[in-house]
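Peer 1: Below is one structure. I have some questions about it.
The values are calculated or read from the model by the stated rules, or taken from the named source; none is laboratory data. Bear in mind that the values here come from a model prediction, so they are computed numbers and not experimental data. As a convention, Cβ positions derive from the backbone with ideal geometry for all residues, glycine included, and neighbour counts pool all protein chains shown.
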Amino acid sequence: MLLAIDVGNTNIVVGIFDGQRLAHSWRLQTLRDRTADELGIQLLHLFEHQHLDIAAIEGIVVASVVPPLTGTFVDMGTRYFGCTALIVDASVDAGMPILYDTPGDVGADRIVNGIAAYEGHGRAAQTPLIVVDFGTATTFDAISGRGEYLGGVICPGLQISADALFQRAARLPRVEVKKPSTVIGRTTVGAMQSGLYYGHVAMIEGIVGRMRVELGGANAPEAVGCIATGGMAGVIGSETNIFDVIDPDLTLRGLRLVWDRTR
């Protein structure tokens, strides 16, 4: 069994793979000051709750965009699972060339998302792909038909945008990010929710449309696939037909593929 861990700025997603099957997954809050012992004990409780044997874990693979926690997870893996964690970054040869001008700047989550998307949805027909990940930031990643990571777009996520409105505008309240009942808001909260939600939908449709033209050419933008993942993918996906596939576990699947290719 493989323990796959995606360390994001807002959440930590933990998955247990039994062979190629994702058997269990959990979403935890990211707290940067956690120690290896705190993380280890928390995972042991999750294993106990699912009646899992920690001795069955044969490997740990981690994608982290939170540097203070990267080493902490390495220590946790050694102490509690007896495994040396594989830390995924641009230096790991996982079969996807990184054509970014500075490959080391590409987040590990974006790399594994690209690998999983291409393996599952692009390789057979050599289809160019766009991967949209709804996390703390909303990221758009371009994968060529040959399976190369080309680059992408980084935008503020929904929650960041909501927090910015609350913090910078004295008379605007903090609001829950959700789809409002109407586009035209009849209250301040409704107007803010509409701007956040439908503004994000319009941004995604606009950026994906432009990326499809660049990747597929003006005569064949429809030949470029689009995969969505991340915590808000389902919420946004219900309002647009821009996505071919919504896969909330894409990052975990990518981590398993990297582990299989590099072990």
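Peer 1: Identify, please: which residue in the stretch 155-202 is touching a residue at least 60 places away in the same chain (Cβ under 8 Å) and of a type outside the set (S, T, N, Q) and is, among those, nearest to Pro221 (Cα to Cα)?
Peer 2: His200
Peer 1: State all residues of the stretch 88-116 that are touching a Lys or Arg at 6+ places or on another chain (Cβ under 9 Å), among the small types (Gly, Ala, Ser) and modelled with pLDDT of 90 or more; if no residue qualifies, say none.
Peer 2: The one that is touching a Lys or Arg at 6+ places or on another chain (Cβ under 9 Å), among the small types (Gly, Ala, Ser) and modelled with pLDDT of 90 or more: Ala116.
Peer 1: Restricting attention to the stretch 219-253, which residues are in contact with a Phe, Trp or Tyr (Cβ under 9 Å, 6 or more places away or on another chain) and among the polar types (S, T, N, Q)?
Peer 2: Correct list: Thr229 only.
Peer 1: Check every one of the strands (runs of 3 or more DSSP E) wholly within the stretch 80-171 and list those with 2 or more residues that are touching a Gly at 6+ places or on another chain (Cβ under 8 Å) and either within 18 Å of Val7 (Cβ to Cβ) or outside the structural domain of Asp53 (by TED's automatic domain parsing) (or both).
Peer 2: Where strands (runs of 3 or more DSSP E) fall fully within the stretch 80-171 and carry at least 2 residues being touching a Gly at 6+ places or on another chain (Cβ under 8 Å) and either within 18 Å of Val7 (Cβ to Cβ) or outside the structural domain of Asp53 (by TED's automatic domain parsing) (or both), they are 129-134, 137-143.
Peer 1: Shifting gears a bit: Identify, by number, the condition in (1) crowded, with 19+ Cβ neighbours inside 10 Å; (2) assigned to a helix (DSSP H, G or I); (3) in contact with a Ser or Thr (Cβ under 9 Å, 6 or more places away or on another chain) that Ala63 doesn't meet.
Peer 2: Going through (1) crowded, with 19+ Cβ neighbours inside 10 Å; (2) assigned to a helix (DSSP H, G or I); (3) in contact with a Ser or Thr (Cβ under 9 Å, 6 or more places away or on another chain) one by one, Ala63 breaks only (2).
Peer 1: Here is a follow-up. Anything in the stretch 173-191 that is farther than 26 Å from Thr240 by Cβ and surrounded by 15 or more Cβ atoms within 10 Å (Cβ to Cβ)? List them, or say none.
Peer 2: none
Peer 1: From the list Ile204, Ile242, pick out the single residue that is assigned to a helix (DSSP H, G or I) and surrounded by 15 or more Cβ atoms within 10 Å (Cβ to Cβ).
Peer 2: From the options Ile204, Ile242, the qualifying one is Ile204.
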